[in-house]
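A short worksheet on the structure shown next.
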Amino acid sequence: MSEYLPGLEGVPATRSNISFIDGEKGILAYRGYPIEQLAAHSNFEETTLLLLDGQLPSSDELEQFDSQLRRNRRVKYNIREMMKHLPKNGHPMEMLQTALASLGMFYPSNECMVGSDLCQDLDYIHNMTVKIIARMPVIVTMWAHIRAGYDPVEPRPDLSYAENFLYMYTSAEPDPELAQILDTCLILHAEHTINASTFAALVAGSTLASPYGVIAAAIGTLSGPLHGGANEKVVHMLHEIGSPENVARWLDRKLASKEKIWGMGHREYKVKDPRATILQGLMEKLAESRGGRVSPLLETALVLEEAAEERLGPKGVFANVDFYSGILYAEMGIRTDQFTPIFAVARAAGWLAHWREQLADNRIFRPTQVYTGETGREFVPIDRR
């Protein structure tokens with residue numbers, strides 16, 4: 001009988017050269033480049049092209065890709081009208097999954113049908129990649145206005161990816177420092193090997209589904225609080241704690257009842273998540289630029305991390321990327337329930353990189369199971385008189 005491993009933990013599901021993790025040493029690299037170097041020197045557009053193509057682009061290649069993204073930001077008015085009829089109290093991740101899936105109908109791609117050459121058509125694959133990456137942030141920012149009863153803000157082709165997001169979200173000229181921070185956040189969230197949502201993308205992609213369907217499947221998976229939704233939970237948790245002096249008592253109570261401490265621990269990392277370290281640095285840099293004023297959320301978070309590390313560090317439980325990302329987004333004035341959609345906007349780069357890699361040597365996923373039910377039962381018809 002096959003051994004059953006809950007959650008497929010440790011089971012290799014694919015071969016990939018897109019990203020690498022060493023959880024013991026706290027290493028994350030995209031295509032061999034350490035995440036610290038990309039966060040310090042790259043931007044989201046360049047990092048996305050690195051993930052997609054495997055190499056850092058030339059200046060001409062980057063300029064061409066950036067131009068394509070800018071030209072493909074607008075979506076048809078049908079999408080906007082459809083979004084107006086969605087429940088205003090629905091979660092933005094549910095909206096994003098719905099709207100993204102609908103793009104396949106408004107922008108027909110003829111899908112990767114079995115026997116179709118589209119799955120090997122590099123122009124088709126590239127065009128679908130550009131359209132999805134360009135339009136996801138636009139849909140997210142459109143919803144911020146539509147659910148409040150206003151028409152969305154038109155995208156601007158003169159702005160970078162991160163700048164345009166902030167402009168469309170706030171209706172104001174983007175603050176350069178906040179745009180730089182958001183750009184770095186997008187880099188950090190762009191890829192992370194075969195996590196749950198990437199695996200969902202691979203499973204959907206292995207059936208030769210439309211790329212819109214592939215990304216919609218990944219979005220649905222990311223929406224769960226054990227995956228992308230954790231950064232929302234962190235902010236709610238910090239508000240629940242209230243202030244730094246409440247941390248020790250709150251933490252002891254939670255640990256005694258064996259409750260989850262959101263933003264702490266990771267399936268892969270046995271040390272502090274390298275992305276969390278970078279985000280903490282960004283948070284402190286932002287506070288510095290504001291005259292040293294530390295937000296109450298960050299103040300509480302710093303004390304909580306120290307206390308949690310003291311109690312949980314010996315077990316290999318440290319802060320992960322979700323611990324600080326939500327605080328940063330909150331400092332930008334972004335609503336809590338929009339945190340995970342921003343995660344999805346960034347992770348689309350990684351999802352599509354894996355989709356493209358999968359198409360090059362595809363085989364449909366069809367795992368087996370360990371059957372635990374009854375056997376040899378005999379059907380007895382009921383009396384139907």
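The values are calculated or read from the model by the stated rules, or taken from the named source; none is laboratory data. Keep in mind the model is a prediction, meaning the values are calculated, not measured. Don't worry about glycine lacking a Cβ; one is built from the backbone with ideal geometry, like all the others, and counts go over all protein chains shown. Accessible surface is based on the protein model in full, side chains and every heavy atom, while ligands, DNA and RNA are left aside. Shrake-Rupley method; radii C 1.70, N 1.55, O 1.52, S 1.80 Å.
Summary of values
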{"item": "Apportionment of accessible area to carbon and sulfur, the chain, percent (1.4 Å)", "result": "51 percent"}
{"item": "Where labels lie 7 Å past Cα in the beta-carbon direction, separation of Phe379 and Arg267 in nm", "result": "3.9 nm"}
{"item": "Cβ-Cβ FRET estimate between Ser243 and Thr336, R0 fixed at 22 Å, reported to 0.05", "result": "0.70"}
{"item": "Linear extension gain, Asp123 paired with Phe365, 0.36 nm per residue minus alpha-carbon span", "result": "84.6 nm"}
{"item": "Span-like helix ranges in the chain, DSSP H, alpha carbon extent 27 angstrom or more, Kyte mean at least -1.0", "result": "122-146, 339-360"}
{"item": "Residues of the stretch 302-342 with amide N under 17 Å of a point placed 7 Å along Cα→Cβ from Glu24", "result": "315-317"}
{"item": "Read-out volume of the Cα convex hull per residue in Å³, derived from the coordinates shown; its label in (1) 212; (2) 143; (3) 125", "result": "(1)"}
{"item": "Sequence-separation-based contact order of the stretch 255-385, relative, with Cα cut under 8 Å and 6+ spacing, percent", "result": "29 percent"}
{"item": "Surface accessible to a 1.4 Å probe, per residue, for the residues of the chain, Å²", "result": "50 Å²"}
{"item": "Label point distance in nm, Gln64-Lys315, each placed 7 Å from Cα along Cα→Cβ", "result": "5.2 nm"}
{"item": "Full-stretch length increase - Asp53, Asp158 - with 0.36 nm per residue and alpha-carbon distance subtracted", "result": "35.3 nm"}
{"item": "Inter-part distance where the stretch 274-301 and the stretch 190-207 are each reduced to a Cα centre, Å", "result": "32 Å"}
{"item": "Relative contact order of the chain, defined on C-alpha pairs under 8 angstrom at six or more residues apart (%)", "result": "24 percent"}
